[in-house]
Amino acid sequence: MMHMNSTRAATRAAVSGISPPFWAQNKGWSKMPRLNGGKLTFVSSKRKVSHLNYTHAGGYYYHPFTKHGKNEKIKICKSAQRGVGSFTEYQQNNTMSSRRKKKIYLCALIFSGVFGYATLKWNEKRDVTYFLSEMKEISDDIFDKLDNIVLFVLDKNKLREEKKRIQEIKSEIEKLNLKHINYLYTYHEESKDYACYLYKGRRRRNITKEELSADTVKEIFEPFFTPVSEDYEKVNEGNKGNFPVCVTHDTFEKEIIEDSKRNEILLVLFENTCFLCFLYKPFINTLHKLFKENNIQLKLKKYNIEKNDYAPNMIICRGTPTFLLYHNGKGNKLDEYKPNDIINKIDQIIKSPKDIKEQMLEKAELIHTRMHQFGYLTMWMTESKIIENMLIRRHVKDIPNVWAVDNRENTNDDDVVYNEILTALIEEDTQRNDLIEDSLNYTKEKINAAEKSCFVAAMMMANELIDEEKKRYEVS
């Protein structure tokens with residue numbers, strides 16, 4: 001039995017490459033390392049150990065149970081495996097590895113804590129600002145292209161409170177079934193008065209923080225976002241095709257979208273308070289007559305954006321005058337707005353005969369004459385008004401306070417008087433429809449009348465001054 005055990009031991013030694021003396025001395029084999037496939041493995045650990053410098057001594061011995069002869073030598077491998085070391089060195093490296101693990105673990109804990117805290121704060125901020133993703137921050141480009149705007153004024157330092165308030169208000173607005181509402185926001189930390197601005201067409205309303213609440217949404221938003229339209233019959237009364245048709249909000253679909261499927265339409269957007277629009281008005285009327293007389297297939301129509309909200313399917317334009325070209329139900333905004341540029345664009349569209357373009361250019365030159373005439377008219381009327389005010393103050397010295405209150409103490413301010421007269425003249429002109437030549441003749445007559453009025457007022461002032469000097473001379 002002992003012979004068999006020694007034989008098995010010798011066999012293991014031969015296979016493993018370990019000398020019998022070394023192998024035989026290790027009785028507790030289950031606690032010692034085993035060589036498995038050329039790698040050192042410990043029973044107490046599943047990890048493979050490498051890079052340890054341990055070698056065995058070389059030698060010769062006889063294997064009694066092999067095919068080799070009794071006297072044949074079998075050479076033992078000179079070294080067991082490069083990189084395999086002693087158990088003591090492994091324990092030292094394992095201790096160093098344990099310290100390194102603790103440091104790595106500590107760093108991982110710190111990093112995880114910092115990352116987790118940052119993630120928590122980011123999620124909190126995202127939760128507060130997420131409601132802003134449903135809106136756009138206002139800019140000039142966005143404002144110029146949108147209508148039906150609800151602009152919220154936010155305080156960056158109070159977004160959590162703002163979020164709740166805005167969500168409540170938006171919920172109430174959605175109950176009203178208002179179409180095509182665009183929600184925008186802007187930051188204004190110093191805004192203490194207004195919480196919201198409403199825009200529709202050229203109209204605007206400012207809403208204070210006290211006004212804006214979920215309970216007041218219906219009474220504020222519903223009437224404001226109800227479209228405003230002029231009376232089509234009233235604004236076109238007496239036209240009879242002599243002047244461009246005035247399109248209204250309610251007739252836009254019929255007059256522009258549907259009619260443009262049969263004819264090309266040049267729609268002029270204007271305002272009563274726009275000085276350029278005021279100068280262009282008789283020129284546009286004259287072009288309409290010229291096209292009609294020469295059977296040019298281009299219709300000129302007008303749209304007052306000051307009196308009508310933007311209609312559905314209408315191009316949003318904030319500036320005036322603006323020219324929109326509609327064809328087959330679709331429109332394009334023209335970049336041109338100066339008289340000569342517009343004429344060149346019209347010439348490209350209609351491919352007009354040379355004489356027609358020359359006539360249009362001649363009419364465009366009269367716009368400058370119209371502007372100069374209005375300058376003269378305003379100047380003469382201003383001088384006349386100033387002299388009249390001086391005469392009135394001379395005769396009402398006993399009630400100066402009443403005069404000052406009625407005229408806001410600025411009757412002697414030439415600029416104020418000039419602006420008041422210019423505004424009055426423009427308002428008067430908007431009530432009339434005429435051609436450019438007729439407008440010039442009418443203005444020329446008014447200039448002559450203003451010159452005479454100013455001369456009369458100046459003579460009255462001169463006579464009064466002469467009378468005062470005579471009285472002073474007689475008294476002295």
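The values are calculated or read from the model by the stated rules, or taken from the named source; none is laboratory data. Since the model is a prediction, treat every value here as computed from it, not as a measurement. Methodologically, a virtual Cβ is constructed for each residue, glycine included, from the backbone with ideal geometry; neighbour enumeration extends over all protein chains shown.
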Next on the checklist: GLN373 - would you say it is over 41 Å from the mean Cα position of the chain (by Cα), in contact (Cβ under 8 Å) with a residue 60 or more places away in the chain and farther than 30 Å from ASP415 by Cα?
Outcome noted: no
Condition set buried (at least 21 other Cβ atoms within 10 Å of the Cβ) and among the polar types (S, T, N, Q), scope the stretch 300-319, selection nearest to GLU264 (Cα to Cα): answer is ASN304
**Report entry** Check on ILE181, within 26 Å of THR273 (Cα to Cα) and either at pLDDT below 90 or outside the structural domain of TYR303 (by TED's automatic domain parsing) (or both)
**Finding:** no
**Report entry** Residue in the stretch 123-138 that is aliphatic (A, V, I, L, M), out of contact with any Pro (no Cβ under 6 Å at 6 or more places or on another chain), at pLDDT below 70 and surrounded by 10 or more Cβ atoms within 10 Å (Cβ to Cβ) present
**Finding:** yes
Residue pairs qualifying under the 8 Å Cβ cut-off, at least six apart or on distinct chains, with the first in the stretch 414-425 being touching a residue at least 24 places away in the same chain (Cβ under 8 Å) and the second being aromatic (Phe, Trp, Tyr) and part of a helix (DSSP H, G or I), are LEU422/PHE374; LEU425/PHE374
- Message: Criterion first (under 26 Å from the mean Cα position of the chain (by Cα), assigned to a loop (DSSP other than H, G, I, E, B) and not basic (Lys, Arg)) does ASN308 satisfy it?
- Response: yes
Checked the stretch 264-320 for anything free of Cβ contacts under 8 Å to residues at least 40 places away in the same chain and out of contact with any strand residue (DSSP E or B) (no Cβ under 9 Å at 6 or more places or on another chain); matches are GLU293, ASN295
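To keep it simple, each residue is scored yes or no on (1) part of a helix (DSSP H, G or I); (2) at pLDDT 90 or above; (3) among the basic types (Lys, Arg).
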position: LYS397; (1), (2), (3): no, no, yes
position: ASN401; (1), (2), (3): yes, no, no
position: ALA404; (1), (2), (3): yes, no, no
position: ASN412; (1), (2), (3): no, no, no
position: ASP415; (1), (2), (3): yes, no, no
position: ASP429; (1), (2), (3): yes, yes, no
position: ASN433; (1), (2), (3): no, yes, no
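Results for (1) at pLDDT below 95; (2) charged (D, E, K, R); (3) in contact with a helix residue (DSSP H, G or I) (Cβ under 7 Å, 6 or more places away or on another chain), shown as yes or no for each residue.
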{"position": "HIS188", "(1), (2), (3)": "yes, no, no"}
{"position": "THR208", "(1), (2), (3)": "yes, no, no"}
{"position": "THR216", "(1), (2), (3)": "yes, no, no"}
{"position": "VAL245", "(1), (2), (3)": "no, no, yes"}
{"position": "GLU255", "(1), (2), (3)": "no, yes, no"}
{"position": "ASN272", "(1), (2), (3)": "yes, no, yes"}
Report task. Please work out if TYR326 is of a type in the set (Phe, Trp, Tyr), crowded, with 16+ Cβ neighbours inside 10 Å and not in a loop (DSSP other than H, G, I, E, B). Result -> yes
Scan the stretch 238-251 and tell me whether some residue there is part of a strand (DSSP E or B) and among the small types (Gly, Ala, Ser). no
Taking first residues from the stretch 199-214 that are in contact (Cβ under 8 Å) with a residue 24 or more places away in the chain and second residues anywhere that are part of a strand (DSSP E or B) and not polar (S, T, N, Q), the pairs with Cβ under 8 Å that are 6 or more apart or on different chains are TYR199/ILE149; TYR199/LEU151; LYS200/ILE149; LEU212/ALA195; LEU212/CYS196
Selection from the stretch 187-220 of residues in contact with a strand residue (DSSP E or B) (Cβ under 7 Å, 6 or more places away or on another chain) and under 26 Å from GLU306 (Cα atoms) yields TYR194, ALA195, CYS196, TYR197, LEU198, TYR199, ARG204, ARG205, ASN206, ILE207, THR208, ILE220
